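The numbers here are math on the coordinates, done by the rules we state, and not lab data. The shown structure was predicted, so the numbers you read here are calculated from the model rather than taken from an experiment. For neighbour counting, all protein chains shown are included, and Cβ atoms are generated from backbone atoms with ideal geometry for every residue, glycine included.
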Amino acid sequence: MRRLSIRGPVVVAIALSNACSGDPSTGVPGSPRQPRQPSLEIVAGDRQSGEVGTPLAQPLVVELRDTLGVVAPRVVVRFYDERDGLVDSATTNAAGVASVVWTASRTAGAQRVGAIATVYPGRTNGSATALFTVTGLPGPIARVSVSLPRRQALPGTQLDTVVATVTDQFNNPIANAEVAWAVGSGSGSVRAVTTRTDQSGTARAIWTLGPTVGENTLTATVAGVTGRASAFVSEGLTASVVGAGLGHTCAVDPAGDAYCWGFGLFGQLGTGVADDRPHPTPQRVVGGLTFISVTTGAYHTCGLTTSGEAYCWGHGQIGPFNPGAGQQARPAPVPGQRRFTAIVAGVFHTCGLTIEGNVLCWGDNTYGQLGRSDDRSAHVYFGATGSLTPAPIAAESRSFVGLAAAALATCAVERSGEVYCWGGNQERELGTDTSDQCGIANYPYYSPPTYTVRCSTTPRSVNVRATVSLTASQASVCGLAADGEVVCWGNGAFPRVVTGARVSAVWSLGTAVCGSVVGGGVSCWSTRDPSGFPEVRPFGTSVSLVSLTTASGHACGVSSDAQRLVHCWGQNDRGQVGDGTTAYRYTPVRVLPPISPP
């Protein structure tokens, strides 16, 4: 019997060993054994739809296997939607399965939901992902909103077009909803342009306002949900406040909408467009903000919203003052996120009174209008100094309650009634002589090459009685005492009492001061007549105007009757009077109702 060689079994053993060392995933003998990545497979719940903000009908289910292809129990699987920040998690069971009941996003449309798990088998690890697609469907109709191209118009005006927007509780638009239009008050008429909403959830109509002055209302009803809008039929622009700039005018209506007209080359009309054409009819300021007041400079406008935020548009208050730069044709928030109770504008600067009683100023500082105790002895070109960031005046922590701005100076009332002024003092706008000088460098081809002007970069106390309010314009400032006495300074004069004036409210109108007199009516007095303060009628006798304002060539006011219509007069080459023409107006004329934004 022949014996087998010992080498045989050894060779066989090696062969078997090599065969077993192949890749189990490929079945290739002799391949090195390499771990593969774990896998996360979708089992159920993919490609389903459900109402936004509610749980989906089916759970999202995945199966997890480790790097060896074996189901992986007791592993946390994280589910997430990065768009809306939704997160949930579940732990795999003994079969490697994890599931969650997923709530659809509040935003309608396709939603990607990711699932991720990490497996740690020994010294190797890996992550596995899966991606679900679910669709959120709009919920029941919850809101119908109606928007108008303008809220004021002449009797019989056709508003084209009125828009109704239909949404669910999460503001998702609802398409193909039938809209029923109806006129409420005002005896006007409405014609539907579209009776069903489009993909953006909107339907349109044309509304013809009634013939009678007053409020007109319109409703749009969808599935029992009604939206309403109102427009005021008026013979002119109704406003609560008005401001006259160098060549433009702005006003705020009772609803808080701001309108501007006139010169808009630097974007000071706030309509989103800057051009050199006259704009003789009010246009709504864009941005959807609700204002309580507006103030106008030479080429800029600023407004104060109901929340106390200050916004500016135009030239030099949001961007650089240098000509040709810094144009802002839309309202932009003033830096600093401060809350203001009042805001006033000079020709090229702006100041605001904060709710804490601090005065902050920004813009041009050629004449020390920012009140920061700067050294202005060096000669600089006009507009070369300034700041776009509101900063407190140098007032030693005093608390103020009122503000007014002349062209190149600002004054504030301290809580005790003391008045402080700063800035340019060429016309004694600060109420006193000052030894300080601000250096100005003249532009080429002008003589002299440099010169100085009287100014004060530090707030200075004015020697007047305790004051409850201030008004200013151009080179004149006036203060009102608690008993109705009026004191004015500027226009070359020191503070002096306006003889015969006893008023409850006061407005500076350049070379005149006007006030609501005790017993009713409005009276005005000249502040420039060296013989005293004779009564004058700067806006004639055809209408009684309050809330008067001027910057230079034109002036405006609001009628004291119940309609509160804006009237303007004076220079009108840019349409700043707002009557639809560019003709000079010697007496007040009604400003037309606003037109739609361009």
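Evaluate the Debye formula for the stretch 411-566 with equal point scatterers sitting on the alpha carbons, no solvent, and hand back log10 of I(q)/I(0) at q = 0.16 Å⁻¹, in q order, two decimals.
-0.89
Calculate for the chain the 222 nm mean residue ellipticity that helices alone would give, adding -39,500 (n - 2.57) per DSSP H run of length 4 or more and normalising by residue count, nearest 500 deg cm²/dmol.
-1000 deg cm²/dmol
Of the peptides 83-89, 401-407, how do they stack up when ordered by the mean number of other Cβ atoms within 10 Å, highest first? Before the final figure, lay out each step's value.
Working: 83-89: 12.7, 401-407: 24.0.
Order by mean packing, descending: 401-407, 83-89.
What are the extents of the Cα atoms of the chain along their three principal axes, listed from largest to smallest and rounded to whole Å?
Sorted largest first, the three principal extents are 152, 66, 48 Å.
Would you mind computing the Rg to Rh ratio of the stretch 176-315 from its alpha-carbon coordinates, Kirkwood style for Rh?
1.06
Count charges around VAL193 for me, please; just the other residues with Cβ under 15 Å from its Cβ, Lys/Arg as +1, Asp/Glu as -1.
Details: positive: ARG191, ARG196, ARG204; negative: ASP160, GLU178, ASP198.
In short, 0.
In what sequence, highest mean first, do 445-457, 192-204 appear when ranked by Cβ atoms within 10 angstrom?
The densest-packed peptide leads the list: 192-204, 445-457.
Can you work out ³J(HN,Hα) from phi for every residue in the stretch 580-591, in order, using Karplus 6.51 cos²θ - 1.76 cosθ + 1.60 and θ = phi - 60°, giving whole Hz and x for Gly and Pro?
x, 10, 10, 8, 4, 10, 7, 10, x, 10, 5, 6
With the radius of gyration and the Kirkwood radius both derived from the Cα set of the stretch 410-451, what is their ratio Rg to Rh?
Values: Rg = 14.9 Å, Rh = 12.6 Å.
Looking at the stretch 410-451, the ratio lands at 1.18.
Can you list the residues, at least 5 places off or on another chain, whose amide H is less than 5 Å from the amide H of VAL536, using H built in the peptide plane?
CYS524, TRP525, SER526
Mind sorting LEU56, LEU269, LEU370, LEU480 by how few other Cβ atoms lie within 10 Å of their own Cβ, fewest first? Write down the numbers at each step before the final one.
Details: LEU56 21, LEU269 33, LEU370 29, LEU480 24.
The fewest-first ordering by Cβ neighbours comes to LEU56, LEU480, LEU370, LEU269.
Taking the alpha-carbon centroid of each part, what is the distance from the stretch 148-178 to the stretch 503-546 in angstrom?
What the calculation gives is 44 Å, centre to centre.
Between 0 and 90 degrees, rounded to the nearest ten: what's the tilt of helix 7-20 against the longest Cα principal axis of the chain?
On a 0 to 90 degree scale, this one is about 30.
Give me the net charge of ASP257's neighbourhood, meaning all other residues with Cβ under 10 Å from the Cβ of ASP257; Lys, Arg count +1, Asp, Glu -1.
Every neighbour counted, the sum reads +2.
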